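This report refers to the structure that appears directly beneath it.
The values are calculated or read from the model by the stated rules, or taken from the named source; none is laboratory data. Values in this document were obtained by computation on a predicted structure and should not be read as measured data. Cβ: placed from backbone, ideal geometry, glycine included. Neighbour counts: every protein chain shown. Just the protein is used for accessible areas: all its heavy atoms, side chains included, with ligands, DNA and RNA removed. Shrake-Rupley method; radii C 1.70, N 1.55, O 1.52, S 1.80 Å.
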Amino acid sequence: MRFPCVPLGLLLTALTGAPVLALDGESPSADASGPTPDATVQAKLDVANQFNRRVDLLRDSLVPPRWLRDQDRLVFWSREGKDGGTWVLAHAKTGELKPLLSGEQLREQLSALLGKPVTAPRFFDVALAPDEQGIVFRLEGKTFGLGLTGGRVTLLSPEDRAALTLSPDHFLAPRGGALAVQRKGGFAVLGADGATVVERAGEERLDWRIAERPWSPDGRFLVVWRDDLRAVHQVPVVDYSDALEKVTTVPYAKTGTPLPRSELHVVEVATGRVTRIPPVEGETYDFFAGWNPEGTEALCLHLSRDAKRLDLTAVTPGTGQRRHVLREERPETFVAGLDFAVGGWAKQVTALPGGRGYLWMSERDGWRHVYAYDRAGKLLRQLTRGAFPVHEVVGVAQQGDALYVLASAESGAPYEQLFYRGSLKGGALKRLSSGSGMHRITLSPSGQHYVDAWSSRAQPRLRELVSMEGGKRVRLTTADASELEALGDVRPEPFIVKAADGVTPLQGVLYKPRDFDPAKRYPVLAYIYGGPFFNLLPWSYIGNSMSLTASGLAQLGFVTVLVDPRGGPGRSKAFQDANYGCVGQTEIPDYVTGLKQAASTRPWMDLERVGLYGHSWGGYFALRGMLTAPDFFKAGYAAAPGALTEEAIINEPYLNLPSANPQGYAVGDNLPLAGKLKGHLRLMHGTSDVNATLSVTMRMADALIRAGKHFELLIMPGEPHSPQGAAGRYYQDDVGLFFLRTLGAPR
């Protein structure tokens, strides 16, 4: 739940009584401790904000190309300099690129339809028209259509069926013209004539939800969930915007409490019949993994609550019968982690055409690889193998036995994701990617061509049109980074250190200020996330939101350091299992050890002034560092911190259930360690946060008070897990001001 943005932070500060460090090298008026930063400090904050938002300076096509169903053609947005570009039709077989109209014509028509000048349009919401004779896009809150021929832009009614395809709440059938519409708590299916075929309304804590990619390939069947949240714990959220407070509650399954129950239903468009599919036994997380190519089976995945068992079942849509296909178990650890639950379940299984069986991802040999099963669930063979992970099956050839995957199979680049060809018979992989970094592949419907969208730390994003048979790569788009580089952009400096075990190599990067002077000594700011399902380090040109924030903080005069500690995804199973059952016990030692090693060859890193900052899981670990390494970290900012008592799906797969591992939960709890605090600590939380609940910070504050430890607290009324708009900038500046005040400037 998100409340309207309230651009006001309520600052509650418990004074530590500790002296404020002077900002060496600056005039006495450069003050980071007052209620309003002076001009010098504000200028630093503004530069940090520019770096944090430097993605806005990268001129790039933000719209993935859209393949048409026939003739291996695709439509893409070609951005041409500051004045914008136009839509282009590409013929993969010939390499011909043909604009649908000129950039000038597009801007003129959009200006006329909007009634105001359009100079450099940027598009986010784009779809193919239902008949694939044109595209649909949204600009300035209005929806437009553009045909593949004729070069004419038209303004569409919000109720136009083509316009509806842009909404994430509408799902157009691939054939037949039916439309599924998500409504508050319920759904409806409209026939090709617009008449309602079936409609269901939700009840309190008992809602209907349309699945991702819900339609069968022939458009005859639709998959929906019914989510039963009636037994789930309710988190109170208080709206403080008026003197008469309003309280709402949000379902939130905490560790050890009841989980939501999700039941699959299949809708038959021709009859309007809604068939309930009996659920599997036990407490499970249930995911829809898509349809087989023929549309005769809907595939479901079921992860046991402790994440030690993963089942694949197949549902026959006409009868509603469910058959069990296969099971994978891992009694000593988890069989699948949250990195798959967040957008990855469709990658777990791939149904082969013609009923030939399934491709299944497994880490049973110590690395994530592809295994072939027959339709009955019998293991046939392991298809990929080696000391590297496969991340995704991109596709299989329609003719022959070619298998296409994204993997990290290059030595020295364990996290880069490259494109490879393998075989359904097994054997070695052949690299198809032309460059390093992170690649995202979109196959053409025929499987004979693909779009390779990729970037590396040194290369802004390129999109290339490629034939599976090799040959010339046709460049579709090239990101223009000239404005970004004019900012004085500093690339991350990579390094490799050993983990606290003295053996495991860890990857890290550091950011320096753009005016870096190696003759000075810089305070070090460690940026941490540490969640066992996310990689913090950037491997692409822009990176992620956290690496952007870290690069911005460096501009305040810090060396910011990021490390991916043991326990994260993308490496071996042993690497992930290093903190299984003991989350909170290995990550800070890895960071401390890594920072010391990095500084041993970099005399400009001042380890007498080390700060620690993190948000969400990073907030938990910022607290963890301040409480378990109090002599090393001199200042810590813990934003929206989580805890081992929070969401079940975030904690239980990596710790087992509380009843099975009470010691692991107890040792990883920050509250009993409050008395160990020595340095400066600041907490931040939004009152409408329903990702990491406000109670975590309230209980931490109470523990610190009871221990007699002074700290600072920023409460942000009405803000969600990540503060938005003006409140987001306030929070960002607050982090910088805190570390300027507690760590000081370069010396």
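Report yes if Tyr613 is outside any helix (DSSP H, G or I) and either open to solvent by less than 20 Å² (accessible area, probe 1.4 Å) or of a type outside the set (Gly, Ala, Ser) (or both), otherwise no.
yes
Just for strands (runs of 3 or more DSSP E) wholly inside the stretch 409-509: which have at least 1 residues that are in contact with a Ser or Thr (Cβ under 6 Å, 6 or more places away or on another chain) and open to solvent by less than 20 Å² (accessible area, probe 1.4 Å)?
The strands (runs of 3 or more DSSP E) meeting that bar are 418-423, 438-443, 449-455, 462-467, 474-478.
Go over the candidates Asp218, Asp169, Asp207 one by one and state the one that is open to solvent by 20 Å² or more (accessible area, probe 1.4 Å) and within 22 Å of Gln133 (Cα to Cα).
Asp218
Filter the stretch 130-187 down to residues that are within 19 Å of Gln109 (Cα to Cα), touching a strand residue (DSSP E or B) at 6+ places or on another chain (Cβ under 9 Å) and assigned to a strand (DSSP E or B), then give me how many there are.
Final tally of qualifying residues: 15.
Search the stretch 340-359 for residues being of a type outside the set (Gly, Ala, Ser) and within 18 Å of Thr284 (Cβ to Cβ), and hand back the single one that is surrounded by the most Cβ atoms within 10 Å (Cβ to Cβ).
Within the stretch 340-359, the match that is surrounded by the most Cβ atoms within 10 Å (Cβ to Cβ) is Gln348.
Out of everything in the stretch 123-137 that is open to solvent by less than 70 Å² (accessible area, probe 1.4 Å) and farther than 19 Å from Ala90 by Cβ, what residue ends up being farthest from the chain's Cα centre (by Cα)?
Applying the filter and picking the extreme gives Pro130.
Which of the residues belonging to the stretch 224-273 are over 28 Å from the mean Cα position of the chain (by Cα), surrounded by fewer than 17 Cβ atoms within 10 Å (Cβ to Cβ) and not basic (Lys, Arg)?
Answer for the stretch 224-273, where residues must be over 28 Å from the mean Cα position of the chain (by Cα), surrounded by fewer than 17 Cβ atoms within 10 Å (Cβ to Cβ) and not basic (Lys, Arg): Ala231, Tyr240, Ser241, Asp242, Ala243, Leu244, Glu245, Val247, Ala270, Thr271, Gly272.
Name the pairs whose Cβ atoms lie under 6 Å apart, with the first residue in the stretch 408-429 and more than 26 Å from Arg566 (Cα to Cα) and in contact (Cβ under 8 Å) with a residue 24 or more places away in the chain, the second of a type in the set (S, T, N, Q) and surrounded by 20 or more Cβ atoms within 10 Å (Cβ to Cβ), and 6 or more positions between them or separate chains?
What qualifies is Gly422/Thr384.
Tell me, please, whether a residue that is without any contact (Cβ under 8 Å) to a residue 40 or more places away in the chain, over 28 Å from Lys347 (Cβ atoms) and among the acidic types (Asp, Glu) can be found in the stretch 463-476.
Checking the stretch 463-476: not a single residue is without any contact (Cβ under 8 Å) to a residue 40 or more places away in the chain, over 28 Å from Lys347 (Cβ atoms) and among the acidic types (Asp, Glu).
Please give the helices (runs of 4 or more DSSP H) falling wholly within the stretch 653-747 in which 2 or more residues are of a type in the set (D, E, K, R).
In the stretch 653-747, the matching helices (runs of 4 or more DSSP H) lie at 694-706, 725-743.
Which condition from (1) over 30 Å from Glu469 (Cα atoms); (2) surrounded by 15 or more Cβ atoms within 10 Å (Cβ to Cβ); (3) of a type in the set (Asp, Glu) is the one that Glu104 breaks?
(2)
Take the residues in the stretch 544-566 that are surrounded by 24 or more Cβ atoms within 10 Å (Cβ to Cβ), in a loop (DSSP other than H, G, I, E, B) and of a type outside the set (A, V, I, L, M, F, W, C), then tell me which one is nearest to the chain's Cα centre (by Cα).
Restricting to residues being surrounded by 24 or more Cβ atoms within 10 Å (Cβ to Cβ), in a loop (DSSP other than H, G, I, E, B) and of a type outside the set (A, V, I, L, M, F, W, C), the top hit is Asp564.
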